[in-house]
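Please read the structure below before turning to the comments.
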Amino acid sequence: MAIHQPNLFPRLSTLAKLFAADCWIVLDDVQFARRDFQHRARLGSMSSPSRFQWLSIPTHLPHGRATLIRDAVVVDPRLARRRVTHMLTQYYAKSPDWPMLRDGLGSVLHRLETESMAEVAAESTKVLLRLLGWRGCIVRSSRLPARSERSQRLADLAAVTGAHGYLCGTGGMRYLINTPFEAHGLSVLPFVTPNAGVWRDARRVSSVQPLMTAGISAVLGELRAIASHHRPGTGAA
């Protein structure tokens, strides 16, 4: 089980964690964070590794800073459609794998019509997971029962889906309390990725960059290796 906010074309470190899980709980009922990746993605150039540019979708928060992710609204869907299409084409149209990504973008552009930023971000992640052949389940945290304390909530969410283990990224490990997971009979599995090769900018840049530069097949091989290492009982650190 992996639990993560919907991110717009997520970073490879995030995509790898979701790929390694059998189920992704979309954490859509926590506070929206403008400085996070819920409405923006840092695109990396294919030709110049040091060149980055933000793809941002203007987003309105109806309740100000207290707005939950599920309630964030796309300000101008038409402008957002043009921006997503133009920037991804500009950066990645020369990739041999671009046609596969391009064909999947229609569903992301369609979600913009709902004006829900959470729907758009979640769909952008689903598109990448589908390109990689992932067939896991996806559920929303807002539809599941859970207590409010942070670690307790994550443990409840994982348990209600019948998971045996919870994949926790490096950020979550800084605050996570294991006791609620132990009470549910759940293993907490720290999820870490390498720092070289396709993983060099895995925590900074959208995973679209390595998928289009190294190729979907090459990245898939890397993700499968990482997923195997993080399965329960494999001796992951």
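The values are calculated or read from the model by the stated rules, or taken from the named source; none is laboratory data. Only a predicted model underlies this, so the values are computations on that prediction, with no experimental measurement involved. Glycine also receives a Cβ, built like all others from the backbone with ideal geometry; neighbour counts cover every protein chain displayed. What goes into the accessible areas is simple: the full protein's heavy atoms, side chains included, and nothing from ligands, DNA or RNA. Shrake-Rupley method; radii C 1.70, N 1.55, O 1.52, S 1.80 Å.
Using a 1.4 angstrom probe, figure out how much accessible area the stretch 97-237 has per residue, in square angstrom, rounded to the nearest whole.
Working: 6800 Å² over 141 residues.
It amounts to 48 Å² per residue over the stretch 97-237.
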Given 68-74, 211-217, the highest-first ranking by average Cβ count within 10 Å works out to 68-74, 211-217
Under 5 Å from the placed amide H of Leu68, counting only residues 5+ away or on other chains, we find Phe32
Taking 24-36, 55-67 and ranking on average Cβ neighbours within 10 Å, highest first, one gets 24-36, 55-67
In whole angstrom, the spacing between the Cα centers of the stretch 160-237 and the stretch 31-105 equals 23
Lys and Arg at +1, Asp and Glu at -1: neighbours of Ser56 with Cβ under 11 Å from its Cβ sum to +4
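By how many nm would the segment from Ser47 to Leu68 lengthen if fully extended, with 0.36 nm per residue of separation less the alpha-carbon distance? Numbers along the way, then the final one.
On the way: separation 21, 0.36 × 21 = 7.56 nm, distance 3.75 nm.
Additional length available on full extension: 3.8 nm.
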Honestly the stretch 90-134 on the Cα gyration tensor test (a ≥ b ≥ c root eigenvalues; a/c under 1.5 rounded, otherwise a/b vs b/c for prolate or oblate) is just oblate
Counting sequence-distant residues (5 or more places) and residues on other chains, those with an amide H built under 5 Å from that of Tyr166 are Ser187, Val188, Leu189
Taking every DSSP bridge whose two residues both lie in the chain, the antiparallel percent to the nearest 5 is 45
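Heavy atoms only, probe 1.4 Å: what % of the accessible area of the chain goes to carbon and sulfur, would you let me know?
Working: 5540 of 11100 Å².
That fraction is 50 percent.
Using only the C-alpha atoms of the chain, find the volume of their convex hull and express it per residue in Å³.
Residue-normalised Cα hull volume stands at 119 Å³.
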Per residue, accessible area of the stretch 1-84 with a 1.4 Å probe, heavy atoms of protein chains only, in Å², comes to 43
